[in-house]
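See below for the structure under consideration.
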Amino acid sequence: MARPRVFDVDKAVHTAMDLFWRNGYERTSLADLTSAMGITPPSFYFAFGNKESLFKRVVDHYGATRLSQAHAAIDEPTARDVAENMLYKFADLYTDDDPSLPRGCLVVNCALPSADGEGTVRAELSVAREKRRERLRDRFQRAKDTGDLPSDADPDALARYLMVVGWGLAFAAQSGATRSDLYRTVQLALAAWPT
């Protein structure tokens, strides 16, 4: 008969989120995770399978508890509102007032140093980013079709533009930029938005 778990899985996922966010995916070891969670490697494997499976849960948790605020901007009434709401939400999230939270974005912090190749964390994060870009592109295409964006607007380029500015905000926050700094960047980015 299997022994019951003696730890809180949700709390463990939150603990792992903090470690991955601060250290990145590759620099967070199994020893770091089990030590912070207060569990043994066998308990870790029983609960999560492996580090990559845990990371997927962490990204889902991060998306649901943090990024969902910015991603909800896609439902704003105008394309300009989508862009403005999304970028300001990112600026707020990446410079959270809670000093216990790392600055920047967990997903951005974990995406770049990972090795290339199929099935890697980097590849999976890339697929997720592409899906977000496609949703934005489709939203901006609808805006163009209804006259909310000019007829010469490029929905794909606008979606990519928002994604790139969002990543830049994450890097700037991680490097010490304040919320005020990021707001000024958002204002400049929005000045280039088609009218």
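Nothing in this text is a laboratory measurement; each read-out follows from the coordinates by a stated rule. None of the values given here were measured: they were computed from a predicted structure. A quick note on method: Cβ atoms are made from the backbone with ideal geometry, for glycine too, and the neighbour counts reach across all protein chains shown.
Taking just the alpha carbons, could you work out the radius of gyration and Dmax for the chain, both in angstroms?
18.8, 66
Suppose the chain between A157 and A64 were pulled fully straight at 0.36 nm per residue; how much longer would it get relative to their current alpha carbon spacing?
Net length gain for the segment: 30.8 nm.
Report the calculated FRET efficiency for S35 and A192 (r = Cβ-Cβ distance, R0 = 41 Å), to the nearest 0.05.
Calculated transfer efficiency: 0.30.
Sequence neighbours fewer than 8 away in the same chain don't count; with that in mind, list the lysines whose C-alpha is under 22 Å from K144.
Output for K144: K131.
For N50 and T178, FRET efficiency with R0 = 35 Å and r from the beta-carbon atoms, rounded to 0.05?
Efficiency, from the Cβ-Cβ distance: 0.40.
Taking the dipole about the Cα centre of the chain, with the C-beta of Lys and Arg at +1 and of Asp and Glu at -1, give me whichever of T185, S29, L162 is farthest to the positive side.
Farthest towards the positive end: S29.
If you take every residue apart from M163 with its C-beta less than 9 Å away from the C-beta of M163, what net charge results, scoring Lys and Arg +1 and Asp and Glu -1?
+4
Return the distance in nm (one decimal) between the two label points of a simple spin-label model at R22 and A123, each offset 7 Å from Cα along Cα→Cβ.
Going by the 7 Å Cα→Cβ label model, 3.1 nm.
Compute, for the range 1-61, the length of the dipole vector about the Cα centre, with Cβ point charges of +1 (Lys, Arg) and -1 (Asp, Glu) only. Units Debye, rounded to 20.
That gives the range 1-61 a dipole magnitude of about 120 debye.
Relative to the longest principal axis of the C-alpha atoms of the chain, give the angle of the C-alpha long axis of helix 51-62, reported between 0 and 90° and rounded to the nearest 10°.
Compared with the principal axis, the helix lies near 50 degrees.
Enter the Cα centre distance for the pair the range 151-181 and the range 11-30, rounded to the nearest angstrom.
Going from one Cα centre to the other spans 25 Å.
Using the Cα centre of the chain as the reference point, and only Cβ charges (+1 on K/R, -1 on D/E), how large is the resulting charge dipole? Debye, rounded to the nearest 20.
So the magnitude is around 380 debye.
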